1. Do any helices (runs of 4 or more DSSP H) entirely within the stretch 1-91 hold 1 or more residues that are closer than 25 Å to I154 by Cβ, and if so, which?
2. Any residue in the stretch 86-105 that is touching a residue at least 60 places away in the same chain (Cβ under 8 Å) sitting within a Cβ distance under 8 Å of a residue that is in a helix (DSSP H, G or I) and among the aliphatic types (A, V, I, L, M)? List the pairs, counting only those 6 or more apart or interchain.
3. Show the residue pairs that are 6+ apart or on different chains and have beta-carbon atoms under 6 Å apart, the first residue being within the stretch 34-48 and closer than 10 Å to M87 by Cβ, the second being assigned to a helix (DSSP H, G or I) and among the basic types (K, R).
4. Considering only the stretch 55-68, I want to know if a residue exists there that is surrounded by 12 or more Cβ atoms within 10 Å (Cβ to Cβ), charged (D, E, K, R) and outside the structural domain of R151 (by TED's automatic domain parsing).
5. Identify, please: which residue in the stretch 152-166 is surrounded by fewer than 11 Cβ atoms within 10 Å (Cβ to Cβ) and of a type in the set (D, E, K, R) and is, among those, nearest to D97 (Cα to Cα)?
6. Does K76 qualify as being more than 21 Å from D14 (Cα to Cα), under 22 Å from the mean Cα position of the chain (by Cα) and not assigned by TED's automatic domain parsing to the domain that holds M150?
7. Output the residues belonging to the stretch 110-134 that are under 30 Å from R68 (Cβ atoms) and surrounded by 11 or more Cβ atoms within 10 Å (Cβ to Cβ).
8. Could you tell me which of the residues I154, I149, I117, I107 is part of a helix (DSSP H, G or I) and over 23 Å from F94 (Cβ atoms)?
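The values are calculated or read from the model by the stated rules, or taken from the named source; none is laboratory data. Keep in mind it's a predicted model, so treat the numbers as computed, not measured. So basically every Cβ, Gly included, is an ideal-geometry build from the backbone, and we count neighbours across all protein chains shown.
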Amino acid sequence: MMTALKSPKQEFIDLMTENCKVNGLDELSSRIIALLYAEPNELSLNDIAKRTGYSLSAICTAMKFIERIGFVKRLKKPKSRKVYFYMEKGMIMFSLDIIRRKYERVILPTKQELPSIIKRYKREKSENSKQELKIIENYYKEVLASEDIMRKLIKMLENAKKNLKK
């Protein structure tokens, strides 16, 4: 039995889909991200539904999630009621966006909030509170270490991006 050969673009989309799934995204969101990454032009919701084989309502739901996490950009064309989606190209830029978002939305707020939580826990005198405090203090140390790593990684990715442009 012979199987149909896939185009290089389809093979790339399949690979990107698997890469996204490894990072915790569901099948549909992964497929949409891969499709938009491989596509040089923006796509409408209908285009995405046709190319993925999923219903328009499933695509709309997935796009809300993908847009909220910042992977895609929403566009409106003049004199059109349709909504289009586009994804920036480049693995380095994609990685840089993810790391910056995590740094700004997770690391920095956590680093700011945890000291006051730790301070309030230190006032507690129960044995259970001491155990819980130790967990939180260890988490805080890991946040500080992660912040340092992320800063260095952001700098490295920015340098790699500059070097690729040369």
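1. Of the helices (runs of 4 or more DSSP H) lying wholly inside the stretch 1-91, those with at least 1 residues that are closer than 25 Å to I154 by Cβ span 8-22, 27-38, 56-68.
2. I92/L157; I92/A160; I92/L164; S95/L157; L96/I154; L96/L157
3. L35/R51; A38/K9
4. yes
5. Top of the filtered list is K155.
6. No: the conditions fail for K76.
7. If the condition is that a residue be under 30 Å from R68 (Cβ atoms) and surrounded by 11 or more Cβ atoms within 10 Å (Cβ to Cβ), then T110, K111, E113, L114, I117 are the ones that fit.
8. Matching residue, one of I154, I149, I117, I107: I117.
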